[in-house]
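Undergrad: Have a look at this one.
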């Protein structure tokens, strides 16, 4: 599997690399990109096997918020069957392993996690990349990861954990730092099983009775922005964990998402100056992705297939960024002029940035310049 399959004719400066659940964690944690949530009862087996979602590389089948309690048993049976059928098709050669997305499940709570885990088979586990832990906090986190480790030991496989930090105790200022320090201790204990740290922006907004509109971002909601800032501060130091952005709630029918003509200026000129680019819903998403990147986050949760190519396109790295990153990683110290002759590359302070850019380049490819973002997602 690799990113941007939907646009096979695009010419990269450096092609994105192929990956699967067995790719080394150092790279795989950067590869998830647009991670689409679907209800666990939704049968998408044929879509996966027929590669009818070519841009989608990461799926989360949800047993929690997206799944009514009365359909939980149906959802678990559906996911078990899906994992079995996908593994079976790959083993028999009727499906190409390279087109199978990373598949995760979002459990409801520890009891439901164990009920699901007890029925997992070795065949199913081969197609399961990991588990998303909702409302993750310093109290429930140890039990989630302890059982995840038990499953890894039982099957001799790799199943990753992705905590979703969205609990009210993290939202509340008086308990936030204590909670985040406790969460960080859990992540550090199970470091090699943590693939990404995810952020629940909608749950944080709910605590304060707010909801961002289509014309502004979560970073404009002060209480939510503070939560995100502190999560990055505690969990994002020295690139210890990749943190992904929250879901964008707005979408529009695909037929209304076409460019009349390709824009002639840099994408940020349009988006940050509020000039229309695609449409209001997608422009808002792109603005928020730009701010994700500025704050060091990689990828984000999506809930609509039209969002996938826009998020993944924006995660590609420009040739100038890539050259700067390589220069920094290949130089032992001091200060050098950047690739564009327009900036200072100070080796030690910029090393963590360079490592992140280099891994994003491996995952999403290198494009010539910012106009490549638009050409990459304007494939129709």
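Okay, residues lined up against (1) under 27 Å from residue 13 (Cα atoms); (2) surrounded by fewer than 16 Cβ atoms within 10 Å (Cβ to Cβ); (3) out of contact with any helix residue (DSSP H, G or I) (no Cβ under 9 Å at 6 or more places or on another chain); (4) at pLDDT 95 or above:
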| residue | (1), (2), (3), (4) |
| --- | --- |
| 246 | no, no, no, no |
| 250 | no, no, no, no |
| 255 | no, yes, yes, no |
| 261 | yes, yes, yes, no |
| 273 | no, yes, yes, no |
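Undergrad: Just to be sure, is residue 72 modelled with pLDDT of 95 or more, surrounded by 17 or more Cβ atoms within 10 Å (Cβ to Cβ) and in contact with a helix residue (DSSP H, G or I) (Cβ under 6 Å, 6 or more places away or on another chain)? Explain how you work it out, then say what you get.
TA: Working: modelled with pLDDT of 95 or more: yes; surrounded by 17 or more Cβ atoms within 10 Å (Cβ to Cβ): yes; in contact with a helix residue (DSSP H, G or I) (Cβ under 6 Å, 6 or more places away or on another chain): no.
No: the conditions fail for residue 72.
Undergrad: Which of the residues that make up segment 77-109 are in contact with a strand residue (DSSP E or B) (Cβ under 9 Å, 6 or more places away or on another chain) and either farther than 20 Å from residue 148 by Cα or in a helix (DSSP H, G or I) (or both)?
TA: Answer for segment 77-109, where residues must be in contact with a strand residue (DSSP E or B) (Cβ under 9 Å, 6 or more places away or on another chain) and either farther than 20 Å from residue 148 by Cα or in a helix (DSSP H, G or I) (or both): 78, 79, 82, 83, 86, 101.
Residues are listed down the side, and each one gets a yes or a no for (1) in a helix (DSSP H, G or I); (2) in contact with a helix residue (DSSP H, G or I) (Cβ under 9 Å, 6 or more places away or on another chain); (3) under 26 Å from residue 5 (Cα atoms):
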{"residue": "326", "(1), (2), (3)": "yes, yes, yes"}
{"residue": "340", "(1), (2), (3)": "no, yes, no"}
{"residue": "345", "(1), (2), (3)": "no, yes, no"}
{"residue": "350", "(1), (2), (3)": "yes, yes, no"}
{"residue": "358", "(1), (2), (3)": "yes, yes, yes"}
{"residue": "362", "(1), (2), (3)": "yes, yes, yes"}
{"residue": "369", "(1), (2), (3)": "no, yes, yes"}
{"residue": "374", "(1), (2), (3)": "yes, yes, yes"}
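Undergrad: Working only within segment 141-156, note down all residues that are in contact with a helix residue (DSSP H, G or I) (Cβ under 7 Å, 6 or more places away or on another chain) and free of Cβ contacts under 8 Å to residues at least 40 places away in the same chain.
TA: 143, 144, 147, 151, 155
Undergrad: Further question: Which residues, taken from segment 110-157, are touching a strand residue (DSSP E or B) at 6+ places or on another chain (Cβ under 8 Å) and part of a helix (DSSP H, G or I)?
TA: Result: 113, 116, 141, 144, 145, 148.
Undergrad: Further, regarding this structure: Residues in segment 109-121: is at least one over 24 Å from residue 188 (Cβ atoms), touching a residue at least 60 places away in the same chain (Cβ under 8 Å) and out of contact with any helix residue (DSSP H, G or I) (no Cβ under 7 Å at 6 or more places or on another chain)?
TA: Checked against the condition, which is being over 24 Å from residue 188 (Cβ atoms), touching a residue at least 60 places away in the same chain (Cβ under 8 Å) and out of contact with any helix residue (DSSP H, G or I) (no Cβ under 7 Å at 6 or more places or on another chain), segment 109-121 yields no hits at all.
Undergrad: When you check residue 334 against the structure, is it at positive phi, in contact with a helix residue (DSSP H, G or I) (Cβ under 8 Å, 6 or more places away or on another chain) and in contact (Cβ under 8 Å) with a residue 40 or more places away in the chain, yes or no? First the steps, then the outcome.
TA: On the way: at positive phi: yes; in contact with a helix residue (DSSP H, G or I) (Cβ under 8 Å, 6 or more places away or on another chain): yes; in contact (Cβ under 8 Å) with a residue 40 or more places away in the chain: no.
No; evaluated as a whole, the condition is false for this residue.
Undergrad: Restricting to segment 26-59, name every residue that is touching a residue at least 60 places away in the same chain (Cβ under 8 Å) and more than 19 Å from residue 105 (Cβ to Cβ).
TA: Correct list: 26, 27, 30, 55.
Undergrad: Further, regarding this structure: Just to be sure, is residue 278 at pLDDT below 90, out of contact with any helix residue (DSSP H, G or I) (no Cβ under 7 Å at 6 or more places or on another chain) and either buried (at least 21 other Cβ atoms within 10 Å of the Cβ) or not in a helix (DSSP H, G or I) (or both)? Steps first, please.
TA: Working: at pLDDT below 90: yes; out of contact with any helix residue (DSSP H, G or I) (no Cβ under 7 Å at 6 or more places or on another chain): yes; either buried (at least 21 other Cβ atoms within 10 Å of the Cβ) or not in a helix (DSSP H, G or I) (or both): yes.
Criteria met by residue 278.
Undergrad: Please give the number of the condition residue 309 fails out of (1) touching a helix residue (DSSP H, G or I) at 6+ places or on another chain (Cβ under 6 Å); (2) farther than 17 Å from residue 374 by Cα; (3) in a helix (DSSP H, G or I).
TA: So the condition that residue 309 fails would be (2).
Undergrad: Collect the residues in segment 8-25 that are touching a helix residue (DSSP H, G or I) at 6+ places or on another chain (Cβ under 8 Å) and in a loop (DSSP other than H, G, I, E, B), keeping them in residue-number order.
TA: Kept after step one, since they are touching a helix residue (DSSP H, G or I) at 6+ places or on another chain (Cβ under 8 Å), are these residues of segment 8-25: 10, 13-14, 16-21, 23, 25.
Of everything in segment 8-25, those that are touching a helix residue (DSSP H, G or I) at 6+ places or on another chain (Cβ under 8 Å) and in a loop (DSSP other than H, G, I, E, B) turn out to be 10, 13, 16, 17, 18, 19, 20, 21, 23.
Undergrad: Among the residues of segment 192-223, write down those that are out of contact with any strand residue (DSSP E or B) (no Cβ under 7 Å at 6 or more places or on another chain), assigned to a helix (DSSP H, G or I) and in contact (Cβ under 8 Å) with a residue 24 or more places away in the chain.
TA: Taking segment 192-223 first, the residues out of contact with any strand residue (DSSP E or B) (no Cβ under 7 Å at 6 or more places or on another chain) are 192, 201-223.
Subsequent filtering for residues that are assigned to a helix (DSSP H, G or I) retains 192, 201-207, 218-220, 222-223.
Passing the criteria: 192, 201, 202, 203, 204, 207, 218, 219, 223.
Undergrad: Hey, another quick one. Just checking, does segment 3-25 include any residue being closer than 25 Å to residue 166 by Cα, crowded, with 22+ Cβ neighbours inside 10 Å and touching a strand residue (DSSP E or B) at 6+ places or on another chain (Cβ under 9 Å)? Step through it out loud before you land on a result.
TA: Start the filter on segment 3-25 by keeping residues that are closer than 25 Å to residue 166 by Cα, which leaves 25.
Now restrict to residues that are crowded, with 22+ Cβ neighbours inside 10 Å: none.
No - not one qualifying residue is present in segment 3-25.
The values are calculated or read from the model by the stated rules, or taken from the named source; none is laboratory data. This structure is a prediction, so every number in the text was calculated from the model and none was measured. Glycine gets a Cβ as well: all are built from the backbone with ideal geometry, and neighbour counts include every protein chain shown.
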